[in-house]
Amino acid sequence: MSGKVTLHYFNGRGRMESIRWLLTVAEVEFDEVFLTTREQYLKLLNDGELMFQQVPLVEIDGMKLVQTKAILHYIAEKYNLYGKDVKDRAMINMYSEGLMDLMELIMMLPFVADPQPKLDNIQTKAKERYLPVFEKALSGPVYLVGGKLSLADVLLVECTLMLEEKFPAILADFPNVKSFQGRMTQIPAVSRFLQPGSKRKPQPDEHYKNTVLKVFNITAPFP
Ligand code: IBG
């Protein structure tokens, strides 16, 4: 069925959450199949659905897409969230890659043996490496690239909200980023996504963590 978009992932953020955000901003409805057992994952593997034996998996337009970035780029391109030309796209990709590097650090926190040093490192990197870039880029422009909403903006609002969950005052020194967040959260689709009962996933909890460990048969924590 080409009309329906179906996401296959855990009932948690992980690598799928940015895809949920982008579909939401594009106003694309989606269904979700949650991975809860190892058997489900093994069936996806045995059925040849996972090119690299990994999720996220997204069924869209008759395709079964894997690889988070490929999925994000397809959606961004299709729904006009990928700039006006190849130069815009290069900028969007640079901003997006930086944001995904930072969000990946946060995503892995529940699975590491000693999260506090990692958390400290995330805060330092956010303040000294990442947020200054966006503060500068937003000193004037409303959007990050080309005067129009793009994938990079969607990832930035997602990332700033994630950072504030961990470090509530982190945007105090980044007023342009804070104003940008305020504008983005007023977009009706985003505002609805931030309400309880939406498909936005909460911060990871023990249940989510244990489900991931069980499905992937992981015993030791990550270093
Ligand atoms: N480059 C790929 C992408 O971006 O889609 C990486 C995908 C990926 O790492 N997927 C993980 C997976 O399927 C799950 S999300 N791993 C199984 C395997 O055998 O590689 C990341 C993840 C979390 C928690 I969240 C623990 C381990 C991985």
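With a Cα cut-off of under 14 Å and a minimum spacing of 8 residues unless on different chains, the lysine pairs in the stretch 86-186 number 7. For the chain, the longest piece that avoids every one of the GluC sites (Glu not before Pro) found in DSSP loops with at most 11 other C-beta atoms within 10 Å covers 30-223. Please report the relative contact order for the stretch 86-186, taking Cα pairs under 8 Å with a sequence separation of at least 6, and give it as a percent rounded to a whole number. RCO, the stretch 86-186: 32 percent.
Relative protection proxy for 61-70, 5-14, 110-119, from highest mean packing down: 5-14, 61-70, 110-119 (other beta-carbon atoms within 10 angstrom). Considering only alpha-carbon pairs that sit under 8 angstrom and 6 or more positions apart, the relative contact order computed for the chain is 28 percent. For the stretch 2-111, the per residue solvent-accessible surface stands at 48 Å², with DNA, RNA and ligands left out and a 1.4 Å probe. Taking a 19 Å limit on the Cα-Cα distance, which of the listed pairs LYS4/LYS201; LYS64/LYS199; LYS43/LYS64 fall beyond it? As for pairs spanning more than 19 Å Cα to Cα, those are LYS4/LYS201; LYS64/LYS199.
Give me the percent of the accessible area of the chain that comes from carbon and sulfur atoms, probe 1.4 Å, all protein chains in place.
54
Each Lys or Arg adds one and each Asp or Glu takes one away; over the other residues whose Cβ falls under 15 Å from the Cβ of ASN46, this sums to 0. Normalising the average separation of contacting C-alpha pairs (under 8 angstrom, six or more residues apart) by the number of residues puts the relative contact order of the stretch 69-139 at 20 percent.
The values are calculated or read from the model by the stated rules, or taken from the named source; none is laboratory data. As the structure is a computational prediction, the values presented were derived from the model and not from experiment. Methodologically, a virtual Cβ is constructed for each residue, glycine included, from the backbone with ideal geometry; neighbour enumeration extends over all protein chains shown. Protein only, heavy atoms only, side chains kept; ligands, DNA and RNA dropped before computing areas. Shrake-Rupley method; radii C 1.70, N 1.55, O 1.52, S 1.80 Å.
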